[in-house]
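Before any comments, here is the structure.
The values are calculated or read from the model by the stated rules, or taken from the named source; none is laboratory data. No experiment lies behind these values; they were computed from the predicted model shown. Because the Cβ atoms are built from the backbone with ideal geometry, glycine has one as well, and the counts that use them run over all protein chains shown. Ligands, DNA and RNA are excluded from the accessible area calculation, which covers all protein heavy atoms including side chains. Shrake-Rupley method; radii C 1.70, N 1.55, O 1.52, S 1.80 Å.
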Amino acid sequence: MADERAFDAVLCDFDGVLRRHDDAAVEQLEGKYGVPPGTLLATAMAEELLRPAILGEVSDDEWRRNVAVQLLPEYCIEVATDLVADWSGLVGAVDPQVRALLAEVRAAGVRVVLMSNATTRLEDELEVLGIAGDIDIVVSSARLGVAKPEPAAYFAAAQLAEADVTRCLFVDDAAINVEVAQAVGMQGHVYTGADELRTALELS
């Protein structure tokens, strides 16, 4: 049961842990439109475009329009808009092993919290991927207005999970995010694979 574990809530990152993206699919789209590999993601993930989107200052649609605009004038408007539109249709894939592990710990009475630096389309993506019902609480930076690794994001997530920070296990593939979680008092696990995650979740 949950009270036999060292934690009452698992705060799990989305991208890089529960969801995987296919970089090859993005490169295929770039090739289709004659755009050098890496151009699209380098543009989309640039701090000046991405940060307002993950803080909810602009919507996901606005962010994607801004990405298309940024590709101009090097590429014609048809290429920029069609490339971004096709890219927007990619939602990645759920890692079945991680999904199963979270289901196990949730069945034992531990709250599963998805904690993600995300745009305003996160909730829609969870529905499309068919995992909205697998998660107890969604903590999106775009809704919260604070992103990892800001300490306030971790305290807010613990509060939403109705768990003391010391009773939260935070899982992320970015070491800096885990380090900050530990600094605020949480237990932390840097995700490297399903086997190690199983051990961290006390399912071994």
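Explain nothing, just compute: Karplus ³J(HN,Hα) = 6.51 cos²θ - 1.76 cosθ + 1.60, θ = phi - 60°, for every residue of the stretch 40-51 in order, whole Hz, x for Gly and Pro.
5, 5, 4, 6, 5, 8, 4, 3, 5, 9, 6, 4
For the chain, what's the relative contact order in percent, using C-alpha pairs closer than 8 Å and at least 6 residues apart? List each step's numbers first, then the result.
Details: 297 pairs, mean separation 57.4, N = 204.
The value is 28 percent.
Along the positive direction of the dipole of the chain (beta-carbon charges: Lys, Arg +1; Asp, Glu -1; about the Cα centre), which of Ala132, Ser59, Gln159 reaches farthest?
The listed residue farthest towards the positive side: Gln159.
Can you pull the percent of the stretch 65-152's accessible area that's carbon plus sulfur, 1.4 Å probe, other chains left in place?
Working: 2180 of 4120 Å².
Result for the stretch 65-152: 53 percent of the exposed heavy-atom area is carbon or sulfur.
For the stretch 1-146, what is the accessible area per residue in Å² when the probe is 1.4 Å? All intermediate terms of the calculation are to be shown ahead of the outcome.
Values: 7000 Å² over 146 residues.
Value returned for the stretch 1-146: 48 Å² of accessible area per residue.
Skipping prolines and chain starts, which residues have an amide H placed within reach, meaning under 5 Å, of the one on Cys12, given they are 5 or more residues away or on another chain?
Excluding prolines and chain starts, which carry no amide H, the hits are Val113, Leu114, Met115, Val171.
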